[in-house]
Amino acid sequence: MKFEDIKSKTKDAVDYLVQSLESGQSEVLTQYLGAMARFHTYSFGNVMLIARQKPDATNVAGIRTWNSLGRFVKRGEKGILILAPMVSKNRRKDENAEAEDAKQPESKLFGFRAVYVFDVTQTEGKDLPALTEVQGDVGGYRERLFKFVEAQGVELNYSERIAPAKGLSHGGKITLLLGMEPAEEFSTLAHEIAHEMLHRGDRRTLTTKQVRETEAEAVAFVVCQAVGLQTGTASQDYIQIWHGDANLLRESLEAVQQTAAVILGGISPEPAAVTAAAA
């Protein structure tokens, strides 16, 4: 498959989301954000491709990976196309490098290729090791999110005076409402740190308050979904905000995906059990 064809498929995935929202099918946005939560180690393009081709996918891998786990793709199942990086390894030619280092090959990305992965529901065989899921309990994620916020150089405080607001973000400081339940506190803090990460610089002056709130809420939705918290439906205001502009919608969703991925990378206890090539 030519690169132009692959690029076209990624664009089609975003266009499909725009068309779905315009026709009132707001659940498609929830599916796309859910895919961001489940595949937060994947690139934005691959998340869009997976969500478009199999929105209910939960755990994808290539045939070889599934076979190594004692599982095999069911007859007649159609693969999910994603992009995988193509990397070459060259010997280092730095005359000043240490002799030992000079022997180490240097990896260089020179492109991408189309590969096919399959969801676990498309396979059969040995049972996979059970993964720990959080059902309404933030567990250790809450403490790790506190540490992540601190690592970003953001000051965290509590106050009863901000009610009825649950959280406020203002120039490197976050204030949370005192006395919230752990799950609600986690969701609110995810929302506020998203503001700090997304809207501190130029993006703050280039976006409206409605856009900023929608993006922060979307980040919180993705993060909460990824750790097993049920937070209701995702915000459904994107199409009204971007007036059907697919390019602006893509830019916004890409910012949401990248921000959520950084947060999840900072609070996850360990990588996902099964991963496939992620471009």
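The values are calculated or read from the model by the stated rules, or taken from the named source; none is laboratory data. Being a predicted model, the structure only gives us computed values, none of them experimental. Reconstructed Cβ throughout: ideal geometry from the backbone, glycine too, with neighbour counts over all protein chains shown. Side chains included, ligands, DNA and RNA excluded: accessible areas come from the protein's heavy atoms. Shrake-Rupley method; radii C 1.70, N 1.55, O 1.52, S 1.80 Å.
So the values come out like this:
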item: Test: Glu124 is in contact with a Lys or Arg (Cβ under 6 Å, 6 or more places away or on another chain) and modelled with pLDDT of 85 or more; result: yes
item: Flag for Asn67 being among the polar types (S, T, N, Q) and open to solvent by less than 50 Å² (accessible area, probe 1.4 Å); result: no
item: Search result, residues across region 233-277 that are small (Gly, Ala, Ser) and either open to solvent by 40 Å² or more (accessible area, probe 1.4 Å) or modelled with pLDDT of 70 or more (or both); result: Ala246, Ser252, Ala255, Ala260, Ala261, Gly265, Gly266, Ser268, Ala272, Ala273, Ala277
item: Residue check, Gly24 open to solvent by less than 70 Å² (accessible area, probe 1.4 Å) and assigned to a loop (DSSP other than H, G, I, E, B); result: yes
item: Whichever residue in region 106-121 is exposed (fewer than 15 other Cβ atoms within 10 Å of the Cβ) and at pLDDT 80 or above and, among such residues, is nearest to Phe39 (Cα to Cα); result: Thr121
item: Test for Ser20: is it farther than 21 Å from Ala261 by Cα and either more than 19 Å from the chain's Cα centre (by Cα) or not hydrophobic (A, V, I, L, M, F, W, C) (or both); result: yes
item: Where a residue in region 193-215 is modelled with pLDDT of 85 or more and its partner, wherever it lies, is acidic (Asp, Glu) and open to solvent by less than 50 Å² (accessible area, probe 1.4 Å), with Cβ under 8 Å and at least six apart; result: Ala194/Glu215; Leu198/Glu215; His199/Glu215
item: Total residues in region 70-80, condition at positive phi and open to solvent by 70 Å² or more (accessible area, probe 1.4 Å); result: 1
item: Among (1) touching a Lys or Arg at 6+ places or on another chain (Cβ under 8 Å); (2) open to solvent by 40 Å² or more (accessible area, probe 1.4 Å) - the single one Leu49 does not satisfy; result: (2)
item: Test for Leu131: is it of a type in the set (A, V, I, L, M) and modelled with pLDDT of 90 or more; result: no
item: Thr30 being in a helix (DSSP H, G or I), of a type outside the set (Lys, Arg) and open to solvent by 10 Å² or more (accessible area, probe 1.4 Å); result: yes
item: Residue identified as crowded, with 20+ Cβ neighbours inside 10 Å and within 26 Å of Asp202 (Cα to Cα) among Leu156, Leu176; result: Leu176
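Each row is one residue, and each column tells you yes or no for (1) within 17 Å of Thr259 (Cβ to Cβ); (2) in contact with a helix residue (DSSP H, G or I) (Cβ under 6 Å, 6 or more places away or on another chain); (3) not polar (S, T, N, Q).
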residue: Leu33; (1), (2), (3): yes, yes, yes
residue: Arg38; (1), (2), (3): yes, no, yes
residue: Ser43; (1), (2), (3): yes, no, no
residue: Ile50; (1), (2), (3): no, yes, yes
residue: Lys54; (1), (2), (3): no, no, yes
residue: Arg75; (1), (2), (3): no, no, yes
